[in-house]
Amino acid sequence: MMRKDWSIFRITILLYAIVVLLPLNYYFANRSFESMQNDGVVMNQLVNINGTIQRIIRIEESSKRDELIVQVESSFKSIDREFLQAPVNTEYVELFRANENYDAMINVWMDLKMALNDKDLLYALGDKSWREVNSFSHVAEEMLTYKSEMMLDRLYLSLILTMLIVVFLVYMVRLYIHIQLRKHAIHDHVTGLYNRKYYIESLQKAKLLASRQDSSLSLLILSFEQYEEVKNSLGKKEFDSFLQEFSKQFREFFRQSDTICRIDANSFVAITPDLDEGSSNKFVERLEERLSLHEYGIKKQVELRIGIAQYHKDSGMALLEESNEVMKRNALVTLGGAV
């Protein structure tokens, strides 16, 4: 199963976060603007209520007065629905003041309707209604200002959060690109093993360390027989899949301290510190058994040659091109062939 690339996964999550955050910003901003527009309509209705009540007080004709009363009561219902019961407004702590003022307006309005035939009381209630409506207007205006400030704060906060995510995403992308460039600089792109450049550097370091510590060092060299013929027979896709499975088995056999490389199309090498000449043969036998018994999913049989080069301070160890001169074992292993 393919191992998940967590760098790509994190970058994808951040991209999704930005994709989600931007419409959320729009949604909340639009919701706030709509609420503010409704509040502006309510402010106009309050002005109209004051003017209409004054007209009701002055008009004598009952039919026109009844029409104005219907307008006022319709405005009160609209204020209750669009302002007091609006979900956005219920978030604000000052709403209790608006509710108190609204109840006071309604009470005065009810008294005013009952006193339509008493001119003196009607004018007094008209003045009181004017004050209550103005008081409610003042609270509504304060809430509108407060909501405007809150909307801007939320908008700025969401923009800052989006910018931080974008900056972090850019950093993650740069970091990922840097890691991938470094990875591809020292790894074979098909098998994931270390490449020739890394092999040369690692072998020189391993030889120096073995010489300084007077310790053993072995070099296991693997190559496929008739490489081009096998490659053409299997086809590129199946052959690459075979190489990847072979490389996985080859790599997992060794210790973390060993260095496993593919130094060209047909050459695989394992640098194994502390593997002396006496134990190297048994070590390679176990490797041969593991590689030959594994199912690679190919019908064609593939022959693999395995050799060992041993490092000694006196004789030294050349690079791979010259290592056949010091080869201590040369075995042929058959891979694949399963139906």
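The values are calculated or read from the model by the stated rules, or taken from the named source; none is laboratory data. This structure is a prediction, so every number in the text was calculated from the model and none was measured. Note that each Cβ is placed from the backbone with ideal geometry, even for glycine, and that neighbours are counted across all protein chains shown.
Numbers below:
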item: Subset of region 243-259 that is of a type in the set (D, E, K, R) and loosely packed, with under 14 Cβ neighbours inside 10 Å - its residue that is nearest to Thr334 (Cα to Cα); result: Glu252
item: Hits in region 232-266 (condition: touching a residue at least 40 places away in the same chain (Cβ under 8 Å), over 17 Å from Glu288 (Cβ atoms) and not aliphatic (A, V, I, L, M)); result: Ser233, Glu238, Asp240, Ser241, Phe242, Gln244, Thr259, Cys261, Arg262, Asp264, Asn266
item: Count of residues meeting criterion [crowded, with 16+ Cβ neighbours inside 10 Å and modelled with pLDDT of 85 or more] in region 131-157; result: 5
item: Pairs, first outside the structural domain of Asp240 (by TED's automatic domain parsing) in region 302-313, second assigned to a strand (DSSP E or B), C-beta under 9 Å, six or more apart; result: none
item: Helices (runs of 4 or more DSSP H) contained in region 192-288 and holding at least 3 residues touching a helix residue (DSSP H, G or I) at 6+ places or on another chain (Cβ under 8 Å) and not charged (D, E, K, R); result: 236-253
item: Only one of Gln301, Gln310 that is surrounded by 14 or more Cβ atoms within 10 Å (Cβ to Cβ) and of a type outside the set (Asp, Glu); result: Gln310
item: Arg97 at pLDDT below 90, of a type in the set (D, E, K, R) and either farther than 17 Å from Ser137 by Cβ or part of a loop (DSSP other than H, G, I, E, B) (or both); result: no
item: Single residue of region 169-191 satisfying the filter (surrounded by 14 or more Cβ atoms within 10 Å (Cβ to Cβ) and part of a helix (DSSP H, G or I)) that is modelled with the highest pLDDT; result: Ile186
item: Within region 270-298, tally of residues that are under 44 Å from the mean Cα position of the chain (by Cα), surrounded by fewer than 17 Cβ atoms within 10 Å (Cβ to Cβ) and small (Gly, Ala, Ser); result: 2
item: Residue count for region 267-294, restricted to those that are free of Cβ contacts under 8 Å to residues at least 60 places away in the same chain and within 24 Å of Glu228 (Cβ to Cβ); result: 6
item: Residues (in contact (Cβ under 8 Å) with a residue 60 or more places away in the chain and within 13 Å of Ile260 (Cβ to Cβ)) located in region 170-195; result: Asp188, Thr191, Leu193, Tyr194, Asn195
item: Test: residue in region 218-236 that is at pLDDT below 90, farther than 26 Å from Asp274 by Cα, over 42 Å from the mean Cα position of the chain (by Cα) and surrounded by 17 or more Cβ atoms within 10 Å (Cβ to Cβ); result: yes
item: Qualifying residue in region 74-88 (condition: part of a helix (DSSP H, G or I) and over 15 Å from Met43 (Cα atoms)); result: no
item: Condition check for Tyr27: within 30 Å of Val173 (Cα to Cα), within 48 Å of the chain's Cα centre (by Cα), of a type in the set (Phe, Trp, Tyr) and modelled with pLDDT under 85; result: yes
